[in-house]
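Read the figures in this text as sums done on the coordinates, not as results from a lab. Keep in mind that this is a model prediction, so the values were computed, not measured. Note that we place each Cβ from the backbone using ideal geometry, even for glycine, and neighbour counts take in every protein chain shown.
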Amino acid sequence: MLDHISNLLLVYKDERQQLSYLLIVFILMGAGIALGRGTADALFFKRYGIEYLPVMFVLVGVLLSAISVMYAAFVDALPSERFFKIIFALMIALLLGNWFMIRLGASDMVYPAYFLLYEIASELFLVHSALYLGQNLVQTQSKRLMPIILAGSQVGVIIGGLFLAGMSRVLGVQNMLLVWALLLAVTLAIITVWHSKKGVSPYFRAGRKERSRLRQSINQVTQGLKFMKTSQLLKVSSFALFFMVILTYVLGYTLNRIYTDTFETEVALGSFFGLLTAMTSALALIMQIFISNRVIRRFGVKKVNLVYPVTSFMVYLGLMFSFTLPFALIGSFNKDSIMPAFRRPVRNIFMDSLPMQIQGRARAMSIVVVLPLALATAGIFLWFAQKAENPSLFLFPGLLAALVYLWFNRKMNKA
């Protein structure tokens with residue numbers, strides 16, 4: 001039976017132990033991310049106020065830019081598992097500190113602090129997980145095993161979402177922070193035991209020692225900006241990313257506003273977020289496994305590149321017609337299922353078509369410059385637009401952002 005499954009998944013016998021280890025690690029991390037997402041949103045919206053969400057967008061952009069530069073400056077100095085240990089230990093301490101402050105009720109500022117902690121941690125986990133896999137799998141293994149491992153992460157998100165939905169009323173939303181800390185501690189222990197037996201990640205190569213790692217990291221970003229002048233694809237894709245972030249975060253604010261008004265308590269909202277995360281992640285996983293690659297092969301990258309902007313435009317039209325829960329659920333399906341299933345793999349294909357020496361700098365420039373600028377733009381706009389009782393005031397600009405995003409994606413297809 002095991003041999004049949006291994007043959008079906010193209011897994012060799014000598015890879016089973018390593019694959020099992022990586023699957024466990026990624027399932028645990030995925031479950032923790034689901035708990036963090038649901039609890040951070042529910043606690044912030046109900047105990048602090050959704051009207052401050054635009055401010056969080058701006059702060060997330062600033063922090064993400066600064067931390068990304070610091071991460072890039074020092075990440076190649078240590079094996080990825082040691083960096084993981086540092087991140088996990090710091091996260092456990094911060095989660096316990098946040099939980100303790102919530103229990104004390106000392107300050108409401110703990111809720112935006114926890115919201116920011118989740119947002120930064122989720123992005124950092126995503127980036128460092130890719131590096132960790134790169135240091136532990138050869139290229140031929142990556143093509144076969146990485147889809148299975150990433151599917152394991154999605155399974156973890158589904159499990160975490162269902163746990164949050166089922167146990168929020170029993171344990172309380174705030175106590176889910178302890179569960180997330182426990183999952184991180186277990187993951188940390190598993191990684192420590194594995195590498196104590198197997199040694200350092202086999203494909204780790206220490207970066208050259210530089211007098212100023214931070215300056216080198218900043219230079220990567222500035223070089224990415226310079227490449228925009230010579231690469232039409234990089235320039236157009238950067239503008240497309242800018243408007244994609246705006247339409248997605250304006251949509252996220254809109255959906256969360258509907259959900260917060262619909263569910264009166266943080267427990268009800270937390271349970272709903274858990275179930276919603278599980279459902280959208282399950283749909284995304286099904287589409288990634290059975291639909292995405294087939295659609296890309298059948299219609300081509302350029303046509304699939306237009307899917308997410310078109311579906312987002314239709315979602316905005318629906319919300320302008322009916323600012324209600326059913327249309328919000330369709331919006332969540334678009335944002336959390338269609339986007340990862342179609343938009344992400346297509347963008348990766350476009351980015352991979354750039355010259356090798358540009359790719360790393362282009363991605364760094366996107367995270368450090370484009371993403372924060374887009375988040376700041378969306379946050380500042382929403383801060384003023386939300387004061388109007390008519391939701392069309394912030395839905396219409398989101399709809400326009402979807403149209404501009406579609407236009408730039410068409411230009412990407414021609415670049």
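Observations on the model:
- For P(r) over Cα pairs in 10 Å bins from 0, in percent, calculated from these coordinates, the label among (1) 4, 20, 32, 29, 13, 2, 0; (2) 5, 24, 36, 26, 9, 1; (3) 4, 15, 15, 13, 11, 9, 8, 7, 6, 5, 4, 2, 1, 1, 1, 0, 0: (1)
- The charge dipole of the chain, taken about the Cα centre with unit charges on the Cβ atoms of Lys, Arg (+1) and Asp, Glu (-1), comes to about 1660 debye, rounded to the nearest 20.
- Across the options VAL245, SER271, PHE350, the greatest Cα extent toward the positive end of the charge dipole of the range 243-366 (unit charges at beta carbon of Lys, Arg, Asp, Glu) belongs to PHE350.
- In the chain the longest region clear of trypsin sites (Lys or Arg not before Pro) that are loop-assigned by DSSP and have at most 13 other C-beta atoms within 10 Å covers 1-204.
- Zone residues, the range 17-35, relative to LEU182, backbone N less than 16 Å from point 7 Å out along Cα-to-Cβ: 28-29, 31-35
- Averaging Cα coordinates gives a centre for the range 95-116 and one for the range 225-280; these two points are 24 Å apart.
- Listed by Cβ neighbour count within 10 Å, with the fewest neighbours leading, VAL304, VAL368, VAL267 appear as VAL267, VAL304, VAL368.
- Neighbour-count order for MET320, MET279, MET29, fewest beta carbons within 10 angstrom listed first: MET320, MET279, MET29
- Two-site FRET efficiency, ARG16 against ALA77, from Cβ-Cβ distance with R₀ of 35 Å, rounded to 0.05: 0.60
- Spread of Cα-to-Cα distances over 5 Å intervals beginning at zero, given as percent, for the range 84-175: 3, 11, 15, 19, 20, 14, 9, 6, 3, 1, 0
- Span from the the range 160-205 Cα centroid across to the the range 119-149 one, whole angstrom: 17 Å
- Residue order for GLU51, GLU389, GLU123, fewest other beta carbons within 10 angstrom first, comes to GLU389, GLU51, GLU123.
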